[in-house]
1. Checking the conditions here, which among 218, 211, 197, 132 is more than 47 Å from the chain's Cα centre (by Cα) and not in a strand (DSSP E or B)?
2. What are the pairs with Cβ atoms under 7 angstrom where one residue, in region 326-349, is surrounded by 14 or more Cβ atoms within 10 Å (Cβ to Cβ) and the other, located anywhere, is among the hydroxyl-bearing types (Ser, Thr, Tyr)? Sequence gap at least six, or different chains.
3. Say whether the condition of being touching a residue at least 24 places away in the same chain (Cβ under 8 Å) and in a strand (DSSP E or B) is met by at least one residue in region 299-316.
4. Regarding region 93-114, can at least one residue be identified that is among the polar types (S, T, N, Q) and either in contact with a Pro (Cβ under 9 Å, 6 or more places away or on another chain) or under 30 Å from residue 282 (Cα atoms) (or both)?
5. For residue 85, state whether it is assigned to a strand (DSSP E or B), farther than 30 Å from residue 339 by Cβ, in contact (Cβ under 8 Å) with a residue 12 or more places away in the chain and not small (Gly, Ala, Ser).
6. Residue 54: of a type outside the set (Lys, Arg) and at pLDDT 90 or above, yes or no?
7. Do we find a residue being free of Cβ contacts under 8 Å to residues at least 12 places away in the same chain, within 22 Å of residue 55 (Cβ to Cβ) and not aromatic (Phe, Trp, Tyr) anywhere in region 258-272?
8. Taking region 64-82, which residues are outside any loop (DSSP other than H, G, I, E, B) and surrounded by 16 or more Cβ atoms within 10 Å (Cβ to Cβ)?
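The values are calculated or read from the model by the stated rules, or taken from the named source; none is laboratory data. These numbers were taken from a predicted model, which means no experiment stands behind them. Here Cβ is always computed from backbone atoms with ideal geometry, including for glycine, and neighbour counts include all displayed protein chains.
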Amino acid sequence: MAKTDKNTKKKNKLYLTLLNGFVFIVTLLAIWFIFKNYLHINDDTYVNDAQVKAYINPINSRVPGYIEEIHFKEHQKVKKGDTLIVLDKTEFKNAIAQAEAGLSQAEAGKEATKSSVARVGSGENTVEANMLGVKAQLENARADLARYKNLLDNDAVTLQQYQQIETKVKTLESQYNALQKQKNTAQLSTSETQSQLGISDAQIEAAKASLNRAKLNLQYSVITAPEDGVMGRRSITRGQFIQPGQQIAALVQEDSKWIEANLLETQIPLINEGDIVYFTIDAMGDTEFEGKVNSISAATGSEYSAIPVDNSAGNFVKVQQRIPVKIEFTKENDQQLLEKVRVGMNVVMTLNEDK
């Protein structure tokens, strides 16, 4: 009886040892499976730092104003040129009216300057005509003076007669000199008024530019979609005042979607531009998508940061860098399924280790 109990205990101990060994092996296999398929430790082909990207256009206002109309809803599809926002146009129309008045005033100023030029030119012509008349009289008087000088020497005329002719010559010379000064003054006035014409032309061009700017601002009061796409969240309301350059909405260009995969630097040898890669998107389950490598960044992601890492410091710790890779969707993908893909979704891919 005692011998039988002893054999039974030995068998139970053996079974327990075998069971513990089996459990240990199963546990090791489970750990190995988890590390391989979920944690991907030391798996250089596994990439999970990847997201769906697309161009996102910020919608900005070029002019200040109060929002009068909003023509879009959140996440609404729009076409290029569709009206999104209309600002109050009252101030812009007033600016156009003011600019038009300024242009009319500048044009009237030019006409007034033209009249001044014509008037000054007419005065100059009158002075020149008078100078010609006085000059002719002066030449005749000088000839008479020379003749009377000879007659006086021969006692043919009296000294009084000679002096009368001499006085006449001096008077005509004074008149001629005065007219010459008037002519110089008239020429100076003509030059000044003609320069005013150039200023008037510049004022007209400035007024035209102001008018064109006012009309352009009126056009800018209607904000349109820059591209086809889907509007983002709406954070504006009617009556809200917006500033130039202020972002008032965002538009996602759905047709521009691509994958941005941030590969470890040790994974770069496994991929080349033009390679076909396959990946899954977390939100789409096990559905596999096809992509083509469009480009590989010439620098690591950290080099594009606002404050690049300075490795010259003495406390340097080596960290494996990541390099952005752009992957475009190919035409082989289900287009209806692609429409459900949203920007920012996470992507998982496995590289071809045969590279």
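1. So the residue among 218, 211, 197, 132 that is more than 47 Å from the chain's Cα centre (by Cα) and not in a strand (DSSP E or B) is 132.
2. Cβ pairs passing all conditions: 326/295; 348/280; 349/278.
3. no
4. Looking for residues that are among the polar types (S, T, N, Q) and either in contact with a Pro (Cβ under 9 Å, 6 or more places away or on another chain) or under 30 Å from residue 282 (Cα atoms) (or both), one finds none in region 93-114, hence no.
5. no
6. yes
7. No, because not a single residue in region 258-272 is free of Cβ contacts under 8 Å to residues at least 12 places away in the same chain, within 22 Å of residue 55 (Cβ to Cβ) and not aromatic (Phe, Trp, Tyr).
8. First, the residues of region 64-82 that are outside any loop (DSSP other than H, G, I, E, B): 65-70, 77-78.
Matches in region 64-82: 65, 67, 70, 78.
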